[in-house]
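The values are calculated or read from the model by the stated rules, or taken from the named source; none is laboratory data. Predicted model only: the values in this text are computed from it and were never measured. Virtual Cβ from ideal backbone geometry, glycine too; neighbours counted across all protein chains shown.
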Amino acid sequence: MDTFEPDYRNILKVLYNQRPDYLPLYEHNIDAPFISKCTGEELSLAVCKSQSDLDCYFGKYISFWKKNTYDAFSYEAAICEILPEHGAILGGKLGPIQTRDDFNKYPFEDIPRIFWETYEPRLQSIRRMMPAGMKAYGGCGYGIFETAQDLVGYESLCTMQYLDPELFADLFQKIGELYETLWSRMVDEFDDLFVFYRMGDDLGHRTSTMLEPDTIRHFILPQQQKVIDIVHRKNKKFLLHSCGNIMSIMPDILKMGIDAKHSNEDQICLFDVWIDNYADKIGLFGGFDMNYLILNPYDQVYNKVLEEGTRFREKANGYGLGSGNSIPDYMQVEGFYAMVDAVKEIRRREK
C-alpha cells in the first residue's frame, strides 16, 4: 500500500467484531520521543506556547501515524496528569488523600476547569489538523483504579480498604462522578474527532489482579460502567485497555458491554488464548509482546509478525494488529518498522 489512504471505518469494524477490509494497525500509544527518534524532528508538547505551536505538534504527530498506514491515531486527554499533587501513580510518593480530612479538602470541584483549560486547545488543534479519512481513538485518559492510585498511592489504597472502608468507598464514588462529568462533555463537544472511545485502566499484574476480584467488581467496575454507558448512549463503541492477568474478572468485564479489549503479554497469556476465549464475543487488538519487539532484530520480528499476524487475522473476525502494550521512547526503531512492514506484506498478499 504505497499510496495508503486512511479509512477510520476500517478499524471501526474491529469494534463491531467484523472482519476489516484490510488488516488495521493499532497502538495504545506511540510516545512522542519515539516519533522524534524516527523522524529526526523534535516533537514535544512542553515547548508548545501558542495555538500555532500546537497545530505544528499535532500536524507532525498525526502525520507519523498516517505515514505508517494507521487508519486512526491515539489521543487521550490525560486526567491524572492535571490532578493537583499528581504523581503517586508513578511510584515513590504518597498521594494527596490519606485521611478523611484530606478527602474533604481535596479540590475535586476545580478539576473539570483545569482539565478543559489544558486539553480543549489541544482538541481544537486536532480538529484543525486531522486529515481526511482519519479520526482519533481515546477520549479522557486514565481509568478509575489508576486515578485512585494517583490520589492515594497503591499500598496506601490497599491499607485504606481495611482501615477506613467508608473512605475507600467514597473515594471511588467521587472518582466515578468526576469521570461522568468529564466524559459527558467530551462526547458532547468532541465526538466528531473520535472513531471510538477507550479507557485504559490497568487492573492486573503478571499473576493476578491488583486488588481482590470482588473489590474490583464492587468498587471499580460500576464506575467504569458509567463511562461505557455514556459512550454507548452516543452510539459509539468502547475499548477497554487493561494490562495484567485479569482472567478472573473477564466475565464481569464482558457483562459491562465492552466492544473490544487490548493489552497482552506473552508471559501472562499467549494471544491465541485471547482469541480462543473471547474472539466470538468482542474485537481484539494487539498480539505482539512489547518486549519481543524491543529485544529482537528486524528479520526475526518481521517473520514472527508476518506468520502470527496472518494467523490471528484468520482466526478472529474483529482484529487489529499491534504491540501488546504501546510503543515507548526506548523501543528500537527496527522492531517497530518490522511490525509495520509485516502488516503491509499481509495486506499485499491478501490484495
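Of everything in region 183-209 that is among the hydrophobic types (A, V, I, L, M, F, W, C) and crowded, with 22+ Cβ neighbours inside 10 Å, the residue that is nearest to Met134 (Cα to Cα) is Phe194.
Within region 297-335, which residues are hydrophobic (A, V, I, L, M, F, W, C) and surrounded by fewer than 22 Cβ atoms within 10 Å (Cβ to Cβ)?
In the first step, residues of region 297-335 are kept if they are hydrophobic (A, V, I, L, M, F, W, C); the result is 301, 305-306, 312, 316, 321, 327, 331, 333.
Listed by number, the residues that qualify are Leu306, Met331, Val333.
Residues in region 268-290: is at least one closer than 26 Å to Tyr75 by Cα, polar (S, T, N, Q) and surrounded by fewer than 23 Cβ atoms within 10 Å (Cβ to Cβ)? Within region 268-290, not a single residue is closer than 26 Å to Tyr75 by Cα, polar (S, T, N, Q) and surrounded by fewer than 23 Cβ atoms within 10 Å (Cβ to Cβ). Of all the residues in region 233-255, those that are over 23 Å from Tyr75 (Cβ atoms) and either part of a strand (DSSP E or B) or touching a helix residue (DSSP H, G or I) at 6+ places or on another chain (Cβ under 8 Å) (or both) number 7. Going through Asp272, Asp229, Asp214, Asp252 one at a time, which residue ends up being out of contact with any Gly (no Cβ under 6 Å at 6 or more places or on another chain), over 27 Å from Tyr26 (Cα atoms) and modelled with pLDDT of 95 or more? Matching residue, one of Asp272, Asp229, Asp214, Asp252: Asp214. Scanning region 23-33 turns up at least one residue that is modelled with pLDDT of 95 or more, assigned to a strand (DSSP E or B) and touching a strand residue (DSSP E or B) at 6+ places or on another chain (Cβ under 8 Å). Which condition does Tyr22 not pass, out of (1) free of Cβ contacts under 8 Å to residues at least 40 places away in the same chain; (2) farther than 30 Å from Ile114 by Cβ; (3) in contact with a Lys or Arg (Cβ under 7 Å, 6 or more places away or on another chain), if it passes all the others? All conditions are met except number (1). For region 234-275, a residue qualifies if it is free of Cβ contacts under 8 Å to residues at least 40 places away in the same chain and not aliphatic (A, V, I, L, M), and the qualifying residues are Asn235, Pro251, Asp252, Lys255, Gly257, Lys261, Cys269, Trp274.
Quickly run through region 190-217 and pick out the residues that are free of Cβ contacts under 8 Å to residues at least 12 places away in the same chain and either on the phi > 0 side of the Ramachandran plot or part of a helix (DSSP H, G or I) (or both). Let's see the steps before the verdict.
Residues of region 190-217 free of Cβ contacts under 8 Å to residues at least 12 places away in the same chain: 212, 214.
Across region 190-217, the qualifying residue is only Asp214.
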